[in-house]
1. What percent antiparallel are the DSSP beta bridges of the protein assembly as shown, to the nearest 5?
2. Which whole-number percent gives the relative contact order of chain B, counting Cα pairs below 8 Å spaced six or more residues apart?
3. Given a cut-off of 32 Å, name the pairs among B:Lys69/B:Lys133; A:Lys2/B:Lys114; B:Lys12/B:Lys184; B:Lys65/B:Lys144; B:Lys128/B:Lys175 whose C-alpha atoms lie farther apart than that in the structure shown.
4. Run the numbers for B:Asn201 and B:Ser152: contour at 0.36 nm per residue of separation, minus the present Cα-Cα distance, in nm.
5. Using the charge dipole of the stretch A:1-115 (Lys, Arg: +1 at Cβ; Asp, Glu: -1 at Cβ; taken about the Cα centre), state which of A:Ile100, A:Leu52, A:Gly66 has its Cα farthest towards the positive end.
6. What does the average come to when, for each residue of peptide B:83-91, you count the partner chain Cβ atoms lying within 10 Å of its Cβ?
7. Need one value for B:99-106: mean number of C-beta atoms belonging to other chains within 10 Å of its residues' C-beta atoms.
8. Taking the Cα centre of the protein assembly as shown as origin and charging only Cβ (+1 Lys, Arg; -1 Asp, Glu), how large is the dipole, in debye to the nearest 20?
Amino acid sequence: MKSYYLFSKDYHSEIRTRYAINSLIMFIIVAVSVILFSIGNERVPGNLTAGLYWVVIFFSAMSGLGRAFISEEERGTSMTLQLIASPSTVLSGKIIFNLILVFAMNIVITFIYSILFEEFVIQNYILFIINFILGNIGLAVSATIISAIIAKAGSKGTLYPVLSFPILLPLILTSAKLTLFSIDGTSINDAVFELAIVACYDVIMVSASYMLFDFIWKD
Amino acid sequence: MNNYSLQANAVKKNFGRRLIFSNISFELINKGIFGISGPNGSGKSTLAKILAGLISPSGGKVIHKSNSKEILPERLHNHIGFVSPYLILYDEFSASENFYFFARIRGITPDKNKIEDLLKRFLLFNRKEDPVKTYSSGMKQRLKFIFALMHSPDLIVLDEPTSNLDEEGKESVYKIIGEEAENKIIVIASNEERDLSLCGNIIMLENFKLTGSR
């Protein structure tokens, strides 16, 4: 429950300050518009659609999810958090906030894609939903811990996507492939290997985040 | 009776290659007001943060004990109250909202009576629903005392407690420090003579080490 109240604090703070939501919405609109203008009347094959879908997700996440710890550090409230909560409570609260943000963001992106891209037609919904859930969990957890790592560094804006890219690459590549499978109509049995990679990625990131966070948070 | 002790064993701190202080050892038991004094840059605030568990020492150890049991680092925040000019509360929230979230995140039910009493004592009751960003620096400093006291901590660490305060604010702070010191340990890091005059013992930091005590 402590983590829930930390999430609640962040939620109410976000409603008032709009640190993340505005930049996320703007980024989604701009990214999708640029892709649409670039494509013009060309017909985009399924594999490119799946790749572009995750490109928009990756860069939208970079513009919004990093705020979790960076906003606390920039406003000088990190010490206040240290004085009221244990490190695991802080990390859990921030992960809950980023999970909800990333799910909301990706539902909007998926909705926009399904309206604007003719080729973005899902054949295997169950595979798409499993990938959507696992991919979002991996994205939210990774984005949260990377945000904690770079919050105390200078040049945060540049460092965040630079550090995120190698960490998120295995997730993005595999999730893009699974999205292509769900567009192609590939069965779940044929996608087990890729699903296992994403699930393992999530388990590794969650475990590593909770193990490392104590050291990141204190100094 | 509060049974709390704070023990610093050969504490050392350096930032990179720059040594701030080394070999700081002392023990504070049960109650009383203890001062940390020294010239600018001697490490008063750094030592205050180490005692409050906000940063780790580079060497040595700080042990907090409650009823002779060592407190785990992840639970230390429930035993500590901390005030300093660089502590910042959430200014998009009102004072009441800040205290509601702080209590809930600590896992306790907000004690409305206690918070209202503290708000009255620090002359902030009429402004409790206003966003903190509309407060003056002195009002924000008074608000930090309520933040530090609302969960009834065993150890209160005050770094420059009267900075930004007017005479009325200072008097409120001195009065409440006197009351809390009857059953709690209070550590004051300051160079203000009036702040230090409250202290029973003063630790002097100079030339990277503890140079004496009063």
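1. Just about 55 percent of them are antiparallel.
2. Value for chain B: 32 percent.
3. In this structure, B:Lys69/B:Lys133 lie more than 32 Å apart at Cα.
4. Gain in length upon complete extension: 15.3 nm.
5. A:Ile100
6. So the per-residue partner count for this stretch is 4.
7. Shielding by partners across B:99-106 averages 6.
8. Using Cβ point charges on Lys, Arg, Asp and Glu, the protein assembly as shown gives about 980 debye.
Rule-based calculations on the coordinates, nothing more; no lab input. Just so it is clear, the model here is predicted, and its values are computed rather than measured. Cβ atoms come from the backbone with ideal geometry, glycine included; neighbour counts cover every protein chain shown.
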